[in-house]
Each structure stands twice: as structure tokens, then as C-alpha cells.
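Visitor: Sharing a structure, written as C-alpha cells. Questions coming.
The values are calculated or read from the model by the stated rules, or taken from the named source; none is laboratory data. None of the values given here were measured: they were computed from a predicted structure. With ideal geometry, Cβ positions are generated from the backbone for all residues, glycine too; neighbour counts draw on all protein chains shown. Side chains are part of the model used for accessible areas, which takes the heavy atoms of the whole protein and leaves out ligands, DNA and RNA. Shrake-Rupley method; radii C 1.70, N 1.55, O 1.52, S 1.80 Å.
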Amino acid sequence: MNRRRTIFPVIFLCSASSLAYEIAMTRIFSISLSYHFAFMVVSTAMLGIGASGTMLYAYPRLRDTSRIGAYSLFLGLGILLSYAAVNQLPFDPVNLLWSKTHILYLGLYPVILSIPFFFAGLIVASALSSFPDAPGCLYGADLLGAGAGSLGILYLAGMLGPDSCVVAISSLPIAAAILWGGRRTRIAAPLLFLVIAVVLHLNPELLEIRMSPYKGLQSALKYPGAEHLKTYVSPYSRIDVFRSPASRFAPGLSLRYLDALPEQIGLSIDGGQMNAITGDGGGESPAFLGYLPSALPYELVNSSSNKEDAMRIGQSLNEVLVLDPKGGLQVLVARHYGADMVQKIESNPLIVEVIDKDFFEFSGGIYSSDTTTGLGRSWLKHGRRQFDIVDISLTGASPGGSFGILEDYRFTVEAFKEYLRHLNTGGFLSVNLFIIPPPRTELRILLTGIAAMEELGITEINKNITAMRSIETLCILIKKSPLTADEIGRLRKFSEDRRFDLVYYPGISAGESNRFVRMPSDEYFHAFQRLVDKKDRPAFVRSYLFDIEPVRDESPFFHYYLKLNHIKEIYSVMGEKWQFFVEEGYVLPIVFVQVFVASVILILLPIFVGRKEKGGPDLFFLSYFALLGLGFMFVEVPLIQKMILPLEHPSYAFAAVLTSVLISSGAGSLSSHKIRGLRTPFELMAIAVIVIVWSFLIPAISDIMSLRAMSSRIFLTFLLFFPLGFLMGIPFPAGLAVLSQRNAALIPWAWAVNGCFSVLAPILATMIAMTVGFKAVLWLGSLAYLLAFSVLIFAFRSPRPWAQKPPVSTAGRQDHPSSS
């Protein structure tokens, strides 16, 4: 076998395993701790790739490709051991409140997890240093492996679950060690795998995800008589069903209801996000449904005046759309009030599958008909059906998020406009959510509805809104037409009978609010009064502690409320507990500071250790690799986030875009090795122009794609981004070719610089998107490629600095090649 050619499958396998491990750990941390910690820990751990370049620069003997077999073996072993180690760490975010030891545990997470990425970086950087004549082939193998890993892990996670996937992932670099390693390595690799299999067979609990005892599922299972029934997995979620006294799910139930609830089976998503499947009870509608705050719109729609309007215009009364019903409580409410048709749209297909397959009779077949999966607004956009009620419950739905920062296209102004367009004249948009002080989600919901109404030409919005509060939930109703006197009368009677507090309706007085469930200050009443007042609204929003401005598709971070200039006040209001910022998902600034400091150290460390390089264009040229890292991720991240809308789920968008960009970039890198004409600096300018064009075309393309079947959308995504990805895969290996001509010793340092900026860029891109939108991030990505072009020309004063043929490596002709 040609020794040199063997390096390419080795890199492919190791890159596939490292990216698959990254995605698997993100899912595992989402289940064991939270989405926020998943993002924070895994992002920091990825700096192990940058650390590998710094290490190779400081110690050139480590670049010897004879060591790659051992590095591959350590990568496979590191994947298993790092997962086992972090899974056994007794860390829990709640304990940060009283235990300083848990701060140490938190710091250990990224250190332990960085070990596999460190060895993965050593493998690729060593090969790039030792084979300077083939950077396109080597980098192409790296990208193609990463693309295959991002796609393969989704298949494995749906089949095995993220924890069991770790074993399969670790087997890839062990196989690579057999391909490349020396005699000892080839003997050690299968023995190691055998030992791993025996250990896991004897101790299978080592793989089981250790879930925080404070997560909803774990708390519910501690009750006497609690029983875990079954666990279901998909690539993007884990669902557990259980019986427990804690599975009681009736958000905001009136205290006037004194009877027992029907049997309910608990349902949790990723160990949290608690919900329940309510028993059918032999077909008889449970009485408690009429005592829920979410029953309010049905009481109002069933008014006599609305019935007359519906008959006059020939429409069927009580056509209801329920978005994200989860366990189906709101479907039962609609049935309780005699809805003629209840259309269900659930964003998590696994929930529909679980309930329809294993709990069909128990649930009364809530998903047996008129059910679809996906994003509700996308389904509405291309339909003409009108509804009397569009029911959205945040008590049973949870935000999505491909980066753990909870971008959510369901609650943008554009989404609310779609919901309102599909309401009948007398219909209601109903939003129910838990009250979590201080108020922020409910105020943003209100402002989003107001913005949508105003953009649809509804002027007197103060006459079209009402809100009601229970002991734990808030119900906000938005109507296209003004509330009638009959509806207001029914609203007041409903709240009086069930002891719910009115928050707002046209003409409400202060004495009508805060009567039954009294609060120290009636902040909801006063906030709603000021927000519906067009003149007073701007001042209130500007001075409010949190950012409650409505969000749009360009920056759909609905669940992000932080105002940087109010951090001190927020810290004081939340009892001077910094943990609040982490629990709320405000991890971006924290992660950014961590990664920035670590990146600066890793990038500057070679100045003080290892060989002393002369200054000049060679060192200046390292900024080229930093700009490529920024540019690549500033394009990739917004493309993923923008495709969530047409692909209707973060996991689909992540898989489709990442696979397309990585595989096409790998193809571009490989092609640049064979076709020298592709290696031109002006290609950087072409990338910049294409990115700008895409920033304007994506919204229109998104609308067209959403008309097609999901499989077609995913395939179109791959095709659309393939040309751009193809070009993006060429500048990095071309730059390495230039560096190998000038000073090959700098290649590991260039790898470290690119790796650190590639980790820093996604965090920075998301922070910028939150402030000015995705389009601006794409423009900055375009600017990064233009600056890279300028650096290339300025550093070497030549329009074709990589036209010279790179040096031919002799390393491939040796069994144990020396370092470059």
C-alpha cells in the first residue's frame, strides 16, 4: 500500500469522529444539564484544535508523521475517557449558588473535553506540516470527514442515542490507527477496542447520561410511586414518559376547581420541559378544562354575536389551530368547547410518533387526524384556511436553537402577522405562558402582537387586546377587530367565576385588577397600560430593565432579553446571583471572554516558546489565516440560522447547511490540488461578492423552498450552497502552499491561528446577529474575505503569490518521515 495515500483516509476518519463527538456532546449536555451549558462547554473545548498548532510549533519533533498512528489511538481513547470523565463529574449548575467547588468542576469540563480535539488537531496539523506539497488533498480530506461526521452522527443519534454513539465515534480513529500506525500501534488498537468492549459490557452504566437531579424528570421520579415507563430518542430530542404525582399538568388551574384531575402520564423533553398526556377518560370531556385560563378564547368565541357573524358569512364556527400542543392539553380544551375541527401542528415529530403509537387509546387519539409536523407559520403561509382561534401555548412549548442561544422563528413579528392573517374576523390569537418574574416574555409577546397589528393596518390596537392572569400563568388574547361589549362581559364573568385577575381590556380600571391573586405591586396592569398607549410606549420600552423590543426574522432571538447597560441593575434585582445570567441563557458574553482570553494566549504563546522566527511578511501573513477563520464561520453560522425557517427545525438546518458547506469545501480543496488555475487570490473577491448576493436572496429563496416537500428542501439546500462552499474550501490550502514556499515552520502556527478564530467566530457572529441581524454578519464575512485578499497582496506584493510550484515533500516516501 502507498504509505502517502493512506494519510487521507486517516484524516477523513479522525475528522469525522471529532466533529461527530462535538455534536454528540452538545446533545448530551442538553440532556444532562442544559442547552446553555452545552454551548458554553463545547465551544471552549474546541480550542483544543488551536492548542495543537501551538504545541507543534513549540516542539517540532512532534510533527513527525510516524506519530500520527499514536495520535489517532489517543483520539479514540480520549473520546471515550473524556465522555466518561465529564459524565461522572458531580457538577450541577444549581450547586453554584452555595458551593465554590462546583466552580472548579465547571472549569474542568472544557479542559477534559478539549483532549480529543487536541489530538485531532495534532493529526491534521502534523500532516499539513509534513506534506507541504499536498495541502489541498489533506485539507479536503479534513473537510470531507467533518461533513460525513456531521451527517453520520444524526443517523446514529436517532438509532442509538447520543450516549451510545460515543462508542461508535471512538472506533473511527482506532481504525485509523491500524491504517497508519507502526507494528505496536496496530497490535494495541484492536486490543484497546476489545478492552473497551469488555469494560462497557461489565459496566454499561458508564455510558448512561448522568442527568442533573434538579431537572424536571429527575425531580418527578423521586416522588413515592413514581415509575419511569420508556425513553425515546431522535437526532434532535429525547423524550421520557413516566407516571408520577408530579406529572399533574394543568397550567394556571383555577382554585375554584376542587375535583381530582384525570389520569395523566408525564412527558419530558431532554429531561426538562415537562408536559403530560391527559387520559381520555372513556370519551367524556374532563370538567377541569373549563377552569384553565387557556379556555378564555373559547368562552369568547362561543358568544352569541360571534355565532351570528359566522352563520352570516357562511363559515363553520370553532375551527381551531393549535400550535405545538405537545402532550395535547390544548387540543382537549378545543374539543371540550365543541370545536368542529382542530388542526394540530407539532414542531417535534417524535412527540407525535410516541403518542400516536404507544398512547393512542389513552390520549383519545389526539394526533390521529388533522395533524402535521413542522413550523406552524410555514404551514399557514401557503394555505388559505381561516380559524376562529389560533392557540399558542408557551407552557407546553420550548424554544429551539442550533447554537444553544434559542433563536425562535415562531414568535417574530413576521410570524404573528401570519397568525393574524389566518384569523376570522371575530377570531382570537391566544398566547398562554407561565409567569416568571420579573416580567419580560409576556411584555415582548404583547409588543410583538402590537407591531404585527400595526403593520397589518390595525390602528386602534388598544381595543383589540385583552389579558388575564392566574396564580402562575398569563393569557394574552389579540383580535383583528375590536372586542365587543358582549365579549368584555363574558371576559369579566369568566375571570370572576374562576378567580382570575384581569390585566387588561378596553376600558379597564385599576380597581378591577390584582383582586384575587394579589401581587405586592400590580406591575402587569401598569405595564400593559403603558404599552398599549402609543405615546407612552417608547419611553417605557427604552427605560425598562430588560430588552422587550419585538424581534424579527432577521434577528429572531426571542428569548434573549439582556441589556448590557443594565447588567448591574439586573444583578441587583435578581438577588445579586450571577447564576441568573447563565440560567437565562446569557452565556454568550461569558463564553466570548473565555474563548478570547484562551485564544490570545494560544496565538501569542509561540512568540515566547520554541524557535524564534524573524518578522516581516511571513509573520504578518498569519493574519490571513485568522481572517479565513472569521470569514468561513461568519458565512456558515448565519446560513445555518437563516435556513431554520424553510427547513422548520434547527437540527435539519444544522445538518443540511453544515454538510453542504463542509463537503463542497472539501471538494473545492481537493480540486485546487489538481487544477492550479483555481488557486488565484481573486477567488477571495469572488467569495465576497457571492456572499453579499446571498444575503439578499436568502429570504426569497426561503419562501420558494417552503412550498416543497422536506426531502426536496434539504436536497435544494445542499445544491444551493455547494458552489459557495466549493470556493470557500480553496483559500486555506492555497495559503498554506504560499507559507510552505516561504517558511514551512510557520504552518502549525497558522493552523493554531485559524483554529482559534474558527472557534471565536461563531460566538461573535451570534452576538452580532442579536444586535444588527444575520445580514450584517454575512456582510462582515464578505469583508473578512476581502481583507484576506488585501493581506495576501500586501504581504507579498504580488497578484499571484501562490503561482510558484510548492516544494515536493520526501516524507511520503519514508515509513517514518521526519518533521518538516
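Visitor: Which number in (1) open to solvent by 30 Å² or more (accessible area, probe 1.4 Å); (2) touching a residue at least 60 places away in the same chain (Cβ under 8 Å) marks the one condition that residue 644 misses?
Guide: (1)
Visitor: With respect to the numbered conditions (1) of a type outside the set (Phe, Trp, Tyr); (2) within 32 Å of the chain's Cα centre (by Cα); (3) within 22 Å of residue 361 (Cα to Cα), which one is the sole condition not fulfilled by residue 260?
Guide: (2)
Visitor: Tally the residues that are touching a Ser or Thr at 6+ places or on another chain (Cβ under 8 Å), touching a residue at least 40 places away in the same chain (Cβ under 8 Å) and polar (S, T, N, Q), restricting the search to segment 344-394.
Guide: Selection size over segment 344-394: 5.
Visitor: I've got another one for you. Would you mind listing the helices (runs of 4 or more DSSP H) fully within segment 6-92 where at least 1 residues are among the polar types (S, T, N, Q) and without any contact (Cβ under 8 Å) to a residue 40 or more places away in the chain? Spell out the reasoning first.
Guide: Working: elements: 35-45, 47-58, 68-88.
Answer list for segment 6-92: 68-88.
Every residue, every condition in (1) modelled with pLDDT under 90; (2) within 20 Å of residue 686 (Cα to Cα); (3) open to solvent by 70 Å² or more (accessible area, probe 1.4 Å), yes or no:
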| residue | (1), (2), (3) |
| --- | --- |
| 763 | yes, no, no |
| 766 | yes, no, no |
| 770 | yes, no, no |
| 777 | no, yes, no |
| 782 | no, yes, no |
| 785 | no, yes, no |
| 788 | no, yes, no |
| 800 | yes, yes, yes |
| 809 | yes, no, no |
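Visitor: Just the residues that are among the polar types (S, T, N, Q) and open to solvent by 30 Å² or more (accessible area, probe 1.4 Å), please, taken from segment 744-761. If you could, list the steps in order and put the result at the bottom.
Guide: Taking segment 744-761 as the starting set, the residues that turn out to be among the polar types (S, T, N, Q) are 754, 758.
Result: 758, single match.
Visitor: In the set 362, 411, 416, 428, which member is among the hydrophobic types (A, V, I, L, M, F, W, C) and in contact with a strand residue (DSSP E or B) (Cβ under 6 Å, 6 or more places away or on another chain)?
Guide: On the way: 362 fails: in contact with a strand residue (DSSP E or B) (Cβ under 6 Å, 6 or more places away or on another chain); 411 fails: in contact with a strand residue (DSSP E or B) (Cβ under 6 Å, 6 or more places away or on another chain); 416 fails: in contact with a strand residue (DSSP E or B) (Cβ under 6 Å, 6 or more places away or on another chain).
That would be 428, the only listed residue that is among the hydrophobic types (A, V, I, L, M, F, W, C) and in contact with a strand residue (DSSP E or B) (Cβ under 6 Å, 6 or more places away or on another chain).
Visitor: Among residues belonging to segment 285-297 that are open to solvent by 50 Å² or more (accessible area, probe 1.4 Å) and at pLDDT 85 or above, point out the one that is nearest to residue 375 (Cα to Cα). Can you show your working first?
Guide: Initial filter on segment 285-297 (open to solvent by 50 Å² or more (accessible area, probe 1.4 Å)): 285, 287, 291.
Remaining after also requiring at pLDDT 85 or above: 287, 291.
Working: 287: 31, 291: 29 Å.
Of everything passing the filter in segment 285-297, 291 is nearest to residue 375 (Cα to Cα).
Visitor: For segment 579-683, please list each of the helices (runs of 4 or more DSSP H) lying entirely inside it that holds at least 1 residues being modelled with pLDDT under 90, among the aromatic types (Phe, Trp, Tyr) and on the phi < 0 side of the Ramachandran plot.
Guide: Numbers: elements: 579-583, 588-608, 617-620, 622-642, 644-647, 650-674.
It comes to 579-583, 588-608, 617-620, 650-674.
Visitor: On to the next question. Give the residues of segment 408-445 that are buried (at least 20 other Cβ atoms within 10 Å of the Cβ) and of a type in the set (Phe, Trp, Tyr), sorted by residue number.
Guide: Correct list: 409, 411, 416, 419, 428.
Visitor: A follow-up question, please. Which of the residues belonging to segment 674-696 are loosely packed, with under 14 Cβ neighbours inside 10 Å, more than 15 Å from residue 781 (Cα to Cα) and in contact with a helix residue (DSSP H, G or I) (Cβ under 9 Å, 6 or more places away or on another chain)?
Guide: Of everything in segment 674-696, those that are loosely packed, with under 14 Cβ neighbours inside 10 Å, more than 15 Å from residue 781 (Cα to Cα) and in contact with a helix residue (DSSP H, G or I) (Cβ under 9 Å, 6 or more places away or on another chain) turn out to be 674, 682.
Visitor: State all residues of segment 697-709 that are free of Cβ contacts under 8 Å to residues at least 60 places away in the same chain and either acidic (Asp, Glu) or open to solvent by 20 Å² or more (accessible area, probe 1.4 Å) (or both); if no residue qualifies, say none. Quick ask: steps written out before the conclusion?
Guide: Going through segment 697-709, the residues free of Cβ contacts under 8 Å to residues at least 60 places away in the same chain turn out to be 697-698, 700-701, 704-705, 708-709.
Within segment 697-709, 697, 700, 701, 704, 708, 709 meet the criteria.
Visitor: Next question, about the same structure. Residues being open to solvent by less than 40 Å² (accessible area, probe 1.4 Å) and over 19 Å from residue 776 (Cα atoms): count how many of those fall in segment 558-572.
Guide: Within segment 558-572, the subset open to solvent by less than 40 Å² (accessible area, probe 1.4 Å) is 558-563, 566, 570.
Still in the running and over 19 Å from residue 776 (Cα atoms): 559, 561-563, 566, 570.
The number of residues fulfilling the criteria is 6.
Visitor: Starting from residues that are surrounded by 22 or more Cβ atoms within 10 Å (Cβ to Cβ) and aromatic (Phe, Trp, Tyr), keep the ones in segment 52-73 and report whichever is modelled with the lowest pLDDT.
Guide: Here the residue is 57.
Visitor: Counting just the residues of segment 197-230 that are in contact (Cβ under 8 Å) with a residue 12 or more places away in the chain and among the polar types (S, T, N, Q), which one comes out surrounded by the most Cβ atoms within 10 Å (Cβ to Cβ)?
Guide: Step by step, filter segment 197-230, then rank; the result is 212.
Visitor: Six or more apart or on different chains, Cβ atoms under 6 Å: show the pairs whose first residue is in segment 417-436 and farther than 16 Å from residue 377 by Cα and whose second is of a type in the set (Gly, Ala, Ser) and surrounded by fewer than 20 Cβ atoms within 10 Å (Cβ to Cβ).
Guide: So the pair list comes out as 425/481.
Visitor: Moving on. So which strands (runs of 3 or more DSSP E) are wholly in segment 298-390 and hold at least 3 residues that are buried (at least 21 other Cβ atoms within 10 Å of the Cβ) and at pLDDT 90 or above? Lay out the reasoning, then the answer.
Guide: On the way: elements: 319-323, 341-346, 371-373.
Those strands (runs of 3 or more DSSP E) span 319-323, 341-346.
Visitor: Scan segment 33-51 and give yes if some residue there is at pLDDT 90 or above and open to solvent by 20 Å² or more (accessible area, probe 1.4 Å), otherwise no.
Guide: Taking every residue of segment 33-51 in turn, at least one turns out to be at pLDDT 90 or above and open to solvent by 20 Å² or more (accessible area, probe 1.4 Å).
Visitor: Does residue 268 satisfy the criteria of being in a loop (DSSP other than H, G, I, E, B), touching a Gly at 6+ places or on another chain (Cβ under 8 Å) and in contact (Cβ under 8 Å) with a residue 40 or more places away in the chain? Can you show your working first?
Guide: On the way: in a loop (DSSP other than H, G, I, E, B): no; touching a Gly at 6+ places or on another chain (Cβ under 8 Å): yes; in contact (Cβ under 8 Å) with a residue 40 or more places away in the chain: yes.
Judged against the criteria, residue 268 is not a match.
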